[in-house]
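Participant: Please find one structure pasted underneath; my questions will follow.
The values are calculated or read from the model by the stated rules, or taken from the named source; none is laboratory data. Values in this document were obtained by computation on a predicted structure and should not be read as measured data. Positions of Cβ are backbone-derived with ideal geometry, glycine not excepted, and every protein chain shown enters the neighbour counts. Ligands, DNA and RNA are stripped out before the accessible areas are found, and what is left, the full protein with its side chains, is counted by its heavy atoms. Shrake-Rupley method; radii C 1.70, N 1.55, O 1.52, S 1.80 Å.
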Amino acid sequence: MKTINQSNEGGRFVLIYGETGVGKSTSALLTMPQPIDAIFTEPRDPRKFLLDQEIDVDFKFPESYEDLIAYLDGEVKKETLNYKSTLFDSASYFMNVSLQQSIQDETYDAEIFKRRRNLVDMTRVDEAGFGALSSLMKRVCKLLGMLSQRGILVVATALVMENPKFNRDLSAFPAFLGRDFPTNFPAYFDVIGLVEKRTDENGEIIYPPLIKFEGEGFLCKWTGIKPVKKLVGPLDFKKIFK
């Protein structure tokens with residue numbers, strides 16, 4: 001049986017989601033408690049997000065699902081953590097691209113569809129594959145959540161989808177695939193917020209963007225006592241969890 005000491009109550013597991021290029025990663029890196037463990041799943045150089053500012057951050061690039069799980073499991077089991085924050089960027093890319101591609105490759109190699117249409121079959125996933133996609137991502141969320149229980153801030157990013165098929169009443173929702181993951185994943189997170197860009201009179205992006213932890217027509221969540229009357233404001237973790 002695991003025991004969580006009250007001194008670890010400062011930890012949070014946060015999901016922020018929005019359009020690409022609005023400033024999710026940049027604002028997170030510039031305002032999360034340092035030192036930061038930044039796990040990047042996309043094939044791009046994350047140093048550009050720092051806007052020439054010096055921060056204490058280590059960038060990690062998992063080469064596979066097994067590589068990521070082994071690393072997170074090792075971090076969870078450490079007696080003393082080296083970081084005050086962990087950024088997982090991006091959760092939607094890792095699930096929808098990296099994980100799905102690996103499952104597609106396995107499906108193709110196993111000749112599930114008998115290769116009647118070679119190019120089409122290379123990108124198909126059977127029902128078992130979609131179930132595996134959800135299960136694998138749940139394990140990632142579980143380990144990240146356990147890290148937050150150690151008292152650190154864990155932030156995952158995701159892209160946004162409009163009017164999800166399973167709930168047309170929502171105009172915005174994190175862009176996750178899988179069989180049941182999209183409906184179950186909110187339970188893993190303490191806080192979920194929608195990020196929207198801010199621009200000046202010339203149309204240039206202003207940092208930090210706006211984040212909404214409450215409102216109607218989109219997925220949002222806040223666990224615990226509200227720090228302010230209205231949970232809408234700049235994406236600045238120094239102020240949000242002050």
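Participant: Could you work out the relative contact order of the range 188-234, using alpha carbon pairs under 8 angstrom and six or more residues apart, expressed as a whole percent?
Facilitator: Taking the mean separation of contacting Cα pairs over the length of the range 188-234, I get 39 percent.
Participant: Among 25-38, 214-227, how do they line up by average Cβ neighbours within 10 Å per residue, starting with the highest?
Facilitator: The most tightly packed comes first, giving 25-38, 214-227.
Participant: Placing one identical point scatterer on every Cα of the range 172-242 and ignoring solvent, what is log10 I(q)/I(0) from the Debye formula at q = 0.17, 0.21 Å⁻¹?
Facilitator: Log10 of I(q)/I(0), two decimals: -0.73, -0.99.
Participant: Net charge near Val191: determine it from the other residues with C-beta under 10 Å of the C-beta of Val191, scoring Lys and Arg +1 and Asp and Glu -1.
Facilitator: +1
Participant: Highest first, please rank the peptides 85-98, 181-194 by the mean number of other Cβ atoms sitting within 10 Å of their residues.
Facilitator: Ranking the peptides 85-98, 181-194 by packing returns 85-98, 181-194.
Participant: Sort Lys229, Lys48, Lys24 from largest to smallest accessible area, using a 1.4 Å probe on the heavy atoms of the protein chains.
Facilitator: So the residues, ranked largest to smallest area, are Lys229, Lys48, Lys24.
Participant: Something else now. Would you mind checking the pairs Lys24/Lys221; Lys78/Lys226; Lys197/Lys238; Lys24/Lys138; Lys84/Lys138 and listing those with alpha carbons more than 28 angstrom apart?
Facilitator: Lys78/Lys226
Participant: Another question about this same structure. At a 1.4 Å probe, what is the % contribution of carbon and sulfur to the accessible area of the range 1-103?
Facilitator: The value for the range 1-103 is 47 percent carbon and sulfur by accessible area.
Participant: Further question on the same structure: Using protein chains only and a probe of 1.4 angstrom, how many square angstrom of Leu99 are accessible, to the nearest 10?
Facilitator: About 10 Å², ignoring ligands and nucleic acids.
Participant: What does the charge add up to near Pro35, with Lys and Arg as +1, Asp and Glu as -1, over the other residues with Cβ less than 11 Å from its Cβ?
Facilitator: -2
Participant: Can you give the Kirkwood hydrodynamic radius of the range 19-70 from its Cα pairs, in Å with one decimal?
Facilitator: So the Kirkwood estimate lands at 12.1 Å.
Participant: Using 0.36 nm times the number of residues separating Arg47 and Lys242, minus their current alpha carbon distance, what extension gain do you get?
Facilitator: Between Arg47 and Lys242, full extension yields 67.6 nm more.
Participant: Right, something else. Taking H placed 1.01 Å from N in the peptide plane, check which residues at least 5 places from Ile55 or on another chain put their amide H under 5 Å from its amide H.
Facilitator: Correct list: empty.
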